[in-house]
Each structure stands twice: as structure tokens, then as C-alpha cells.
Amino acid sequence: MSELAALDMCQKRAIFKPMTQQEREMFKQCCGGSWKLVLRFIMAGEACCRREKSQAIAGPGHSIAVTTSGAVYTFGSNSSGQLGHGSLEEEWRPRIIRSLQGIRIIQAAAGAGRTMLVSDAGRVYAFGKDSFGEVEYAAQGSRVVTTPQLVESLKDIYIVQAAIGNFFTAVLSREGHVYTFSWGNDMKLGHQTEPNDVQPHLLAGPLENIPVVQIAAGYCYLLALACQPSGMSVYSVGCGLGGKLGHGSRTDEKYPRLIEQFQALNIQPVVVAAGAWHAAVVGKDGRVCTWGWGRYGCLGHGNEECESVPKVVESLVNVRAVHVATGDYTTFVVSDKGDVYSFGCGESSSLGHNTITEGNNRHTNVLSPELVTSLKRTNERVAQISLTNSIYWNAHTFALTDSGKLYAFGAGDKGQLGTELVAQQSERGTPERVEIDLS
């Protein structure tokens, strides 16, 4: 098998569809036994897949939509210039960022007052607050950037993914290396920096020699989906409050540490999600695991107890999951049939369980996964869910369908739903179509 043939195979696969053992051996053979070179082929294939995929991000008060052609629309709160239109005015309808003309964006990330975009050339653009930390009430980040600016410190590193957590930002390179900015004081991420540090620091520890294929950032912690010859694994680093690092304790970790429980559960992780206080994984077999702080039932185990190691969501055992999204005490799961299940905090109507048609209080917390019937009634197959992952903002949720249609519900007081609400309303409990075609 030639390297060209190997690359072609990679370009036809998604990263969350792991290689068979036969394919793995073929790749290793054509790459001279170098697993890192194999990973580069895989990452190249994932980048190619992302070029053809649309994306919607429900950020803290503002929203981002990326079309399959790489155009970017933003709307919602704009107090720090995070919409990228050269002003500080809110936008209640999706508006294209015209300064990105000629640049094809394949991935987006949103934080409080900040936006980051990754291009198909591996370049990263940032705008909004000038600090990489989430500094809601601090002095740093007082200068704002209102149009996308190239992150100069990353121009020599080919980036494929960016993730914004609270007080830090992380990026993933094509080679599978993780770099972080800020929140490094007291060696919290294996290095020491200042809150407004704009220099990338390689995440120290075992992941220096183990390639990573996906990262997820939560409240002061980071998850990394790592690719090894034996299969996929998850590492965690940062704040262990509530058991969200998954190691059986609430101890902080300065360096990435392997979450061993997946081996005991015989689960090979393929998708990771980091909520503010809890985390989730989808396994190759479609099972869903959650762990961390269980407040409001966000773990889906029928109670509000914490789990310090990953635990299978038993009520979803008959559902084959393909995607999971987590927020501030909320969780969404998408099945292989395009159905959506949600559980956790019902505040802001962000779970999608409508009051009028279902006879329930849409603000009620949901302790176990429930089918979001309001999305089922759209007669669309949902492919992706995004929800606000911030403790400072009321949440809203996006549902992106296979056909490229985007539905929104939850908090909309800043225009983040893409439509103006009726007078005196600040949220919407029923999914409604956002007038934008992402296909």
C-alpha cells in the first residue's frame, strides 16, 4: 500500500470511526512502522473531513456558524467584539464575517467574549477579548479586538482544533501535540504563565510522546482523546473538583493522566466532551459514559450524585450514540438514528422539553435521559448538538441536521438564537429554524 493510497483512505474516514486492525497494520507498514507518521495521515484525513462539514457553536451569549464552504456567520452578544464585524453592536440575525473572504474556516471555538477560528491551512484567528483566559470580572482583557486577527505565536504550528476553557485556551496540532495558553500559574497545566500570556506552551507530561486526536476544555480542566497502537484512550489534566478528571478522587492533576476506568468498562472512547463541571464520552460500541459533578441530574444516572470515575448511562444502553455535548450541568446525546436525548439543568429552556405540548415545566431538571420530542417533530435527522458551556451565561442550544438546517432554543436575550424574540421574552422553549443554510 503506497503512502498516497494511505492518505486517500484517511481522507475518506472520520476520526471517530477507528481503523480496523488490518488497516492499522497496512498504515504502519507503509509508514515504516512509525505510528506518529500514521497519525499524521489520520489527522490529514480528519482535516479533509472537516472541510466538508458545517458547524454551529452555542457560545456564552454569542453564536458561530460555519458553512461547508468555510464561510463564518456570527450573531448575539458583542460587548468585546467577539462577533468579528469591526464593531461592538449586537447582531440578532446571522451575519457573515466579510474580512475572512478567501480564508476557508474548518473549526470554531467560543468563550466568554472570545472567538477562535481554525482555517484549512492550519492558521488560527482570534478576536474579542485580548486575553486567552476567561476573565469575566478581572482587569485583564480590557482591550478588545473586533475583527479576526492571525495568532502570530501559532503561525509556525499547523493547528487542526482550538478549544476555549475557563481561564485557558488549548490548541491541537496536526502532529497530535497539545499547546495551552494562560492558566499556568502554580503549574496548573504543567507550566507557569500569566493570565494574558499569548505564547503557546507544549502540554508537559505523557502526551508529549502520545499523539492526540481531539481535545475538550471545561471549567479549569482539559480532556484529550489520544491515539495509541492499542486503541483510543482519554487523558485529563487540571482542576479535579467534583471528580471531573475521572480518576476516583477530587485531586488536581498538573500533568495529563490516563483515565483507567474505560479499560475496566471495556469501552474504547471515540468522542469526548468537557462540560463546566462534568464530562462525557461516547464509546466505539455506542455506549455513553459520564462522570463529575452530578448536580441537577446532568450525569443521567437518575440522581444528583457525583461520580469520580466514568460510569455507563444505563438508561441509554438500547441507544447507539454517535455524538455527545456537555454544558453547565446539561448533557445532550445524539443517536445513530438522529434522535436527541437531553438531561440535567432545565434553566433557560435549553433542554428542549417544551411546556405546552408535553405538559411539563420546561424549566424542570431532568435526572435521566429523555427524548427531545420537539426536535423529533421537525422530521429532521440531527447530526450535531452544541450548547453553552459557561457558568456565567444562561444557556442556549443548537441542533444541526444532516441537511444543513440549524435549529435553536434556550436563552435568546442577546440575539444568540439568530432571531428576535417576542416582546418581554428572553428565551424560547421550542426549537425554531435559524434562517441560514450551512450545507
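Of the numbered criteria (1) buried (at least 19 other Cβ atoms within 10 Å of the Cβ); (2) out of contact with any strand residue (DSSP E or B) (no Cβ under 7 Å at 6 or more places or on another chain), the one Gly418 fails is (2). If you filter the range 278-305 down to residues that are in a loop (DSSP other than H, G, I, E, B) and farther than 21 Å from Thr364 by Cβ, you find that the one that is least open to solvent (accessible area, probe 1.4 Å) is Gly286. In contact (Cβ under 8 Å) with a residue 40 or more places away in the chain, outside any loop (DSSP other than H, G, I, E, B) and surrounded by fewer than 19 Cβ atoms within 10 Å (Cβ to Cβ): is that true of Ser315 in this structure? Yes; evaluated as a whole, the condition is true for this residue. Evaluation of Ser349 against the conditions (1) in contact with a Lys or Arg (Cβ under 7 Å, 6 or more places away or on another chain); (2) within 26 Å of Val312 (Cβ to Cβ) shows that the sole unmet condition is (2). Inclusion of Tyr219 among residues that are open to solvent by 10 Å² or more (accessible area, probe 1.4 Å) and modelled with pLDDT under 95 is warranted.
Going through Gln214, Gln261, Gln199 one at a time, which residue ends up being within 15 Å of Thr180 (Cα to Cα), open to solvent by 30 Å² or more (accessible area, probe 1.4 Å), modelled with pLDDT of 95 or more and not small (Gly, Ala, Ser)?
After applying the criteria, what remains is Gln214.
Within the range 377-402, residues that are over 21 Å from Gly338 (Cβ atoms) and touching a residue at least 40 places away in the same chain (Cβ under 8 Å) reach partners that are charged (D, E, K, R) and surrounded by 24 or more Cβ atoms within 10 Å (Cβ to Cβ) with beta carbons closer than 6 Å, at six or more positions or on different chains, in the pairs Ile391/Asp328. Of the residues Ile57, Ile64, the single one that is within 18 Å of the chain's Cα centre (by Cα) and open to solvent by 10 Å² or more (accessible area, probe 1.4 Å) is Ile57. Checking the range 222-237 against the condition returns a match, with at least one residue being open to solvent by less than 20 Å² (accessible area, probe 1.4 Å) and farther than 27 Å from Ile57 by Cβ.
Kindly check whether there is at least one residue in the range 104-111 that is at pLDDT below 95, open to solvent by less than 10 Å² (accessible area, probe 1.4 Å), over 13 Å from Thr147 (Cα atoms) and not hydroxyl-bearing (Ser, Thr, Tyr). Scanning the range 104-111, I find at least one residue that is at pLDDT below 95, open to solvent by less than 10 Å² (accessible area, probe 1.4 Å), over 13 Å from Thr147 (Cα atoms) and not hydroxyl-bearing (Ser, Thr, Tyr), so the answer is yes. Does the range 78-90 include one or more residues that are open to solvent by 50 Å² or more (accessible area, probe 1.4 Å) and charged (D, E, K, R)? Yes: one or more hits.
The values are calculated or read from the model by the stated rules, or taken from the named source; none is laboratory data. Owing to the predicted nature of the structure, the values given are computational and were not obtained by experimental measurement. Ideal geometry is used to build each Cβ from the backbone, glycine not excepted, and the neighbour counts take in all protein chains shown. Heavy atoms of the whole protein, side chains included, go into the accessibility calculation; ligands, DNA and RNA do not. Shrake-Rupley method; radii C 1.70, N 1.55, O 1.52, S 1.80 Å.
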